[in-house]
């Protein structure tokens with residue numbers, strides 16, 4: 001494989017390891033996928049049955065848009081699980097990385113009718129920019145895929161009510177940093193609500209301005225944070241790079 005693919009493999013493996021460190025994994029379920037550079041229609045994903053903390057660059061599996069393994073290496077892939085990712089990858093050519101997690105804080109906030117509230121600066125990063133998709137059961141039909149993609153639209157984040165969260169990024173780094181920010185915003189909201197007092201929120205004008213300021217010039221997020229996160233992993237276990 002070329003160097004570009006290997007670098008994406010390293011970044012994706014790092015993303016899985018970071019998710020495990022944060023407690024975002026769901027045993028062997030949920031996935032993070034990434035597009036293979038210069039190979040349209042090909043993606044990298046975890047082998048089904050491995051824990052997130054077991055993922056390394058070399059054991060990621062290359063698949064096509066239908067979830068079929070590319071190449072002769074026998075690997076087990078959760079095709080049903082990839083259906084969500086495949087739909088987003090197919091609809092958004094800029095979705096180089098798609099994260100679908102079942103982390104507790106985002107599920108808890110997605111269950112709330114009002115969703116994520118502008119209670120913190122972390123939440124304001126997503127002000128007016130989160131889609132919501134109603135729960136329709138385990139099976140993801142073509143019809144539901146259409147409704148899901150409509151709810152996602154141009155946004156980076158989609159909350160799947162009673163289920164989990166989808167975050168898309170123009171890079172693995174961007175997807176991860178957005179998910180980390182979202183998770184923190186949800187934790188802040190839940191803890192604030194648990195206090196039982198009246199919640200104080202900025203006015204709409206200030207929310208909109210802060211959101212624009214946080215977006216900056218619109219370049220992919222995570223460029224500064226990612227090297228620091230990789231150093232954190234390297235200090236713990238650099239095995240994800242192999």
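Every number here is computed from the coordinates shown, using simple stated rules; none is lab data. Because the structure is a prediction, the values reported are computed rather than measured. Don't worry about glycine lacking a Cβ; one is built from the backbone with ideal geometry, like all the others, and counts go over all protein chains shown.
Details
- This ranking places 45, 188, 236 by how few other beta-carbon atoms lie within 10 Å of each, fewest first, which gives 236, 188, 45.
- Relative contact order computed over the chain (Cα-Cα under 8 Å; 6+ residues apart), in percent: 22 percent
- The eigenvalues of the Cα gyration tensor, multiplied by 5 and square-rooted, give the stretch 146-242 an equivalent ellipsoid with semi-axes of 27, 19, 17 Å from largest to smallest.
- Pairwise Cα inverse-distance average, inverted: Kirkwood Rh of the stretch 107-162 (Å): 12.0 Å
- The convex hull built on the alpha-carbon positions of the stretch 1-129 has an orientation-averaged projected area of 8.8 nm².
- Rounded tilt (10° steps) of 79-91 against the dominant C-alpha axis of the chain: 70 degrees
- Radius of gyration, Dmax [the stretch 57-197; alpha carbons; angstrom]: 16.0, 59
- C-alpha long axis of helix 225-236 to longest principal axis of the chain, angle in °: 60 degrees
- The stretch 3-234: antiparallel DSSP beta bridges as a percent of all, rounded to 5: 85 percent
- Acute angle (nearest 10 degrees) that the helix 204-215 long axis makes with the longest principal axis of the chain, alpha-carbon atoms: 30 degrees
- Volume per residue of the convex hull around the Cα atoms, evaluated for the stretch 32-80, comes out as 80 Å³.
- Two-decimal log10 I(q)/I(0) for the chain, as the Debye equation yields it once each C-alpha is a single scatterer, q = 0.10, 0.13 Å⁻¹: -0.46, -0.78
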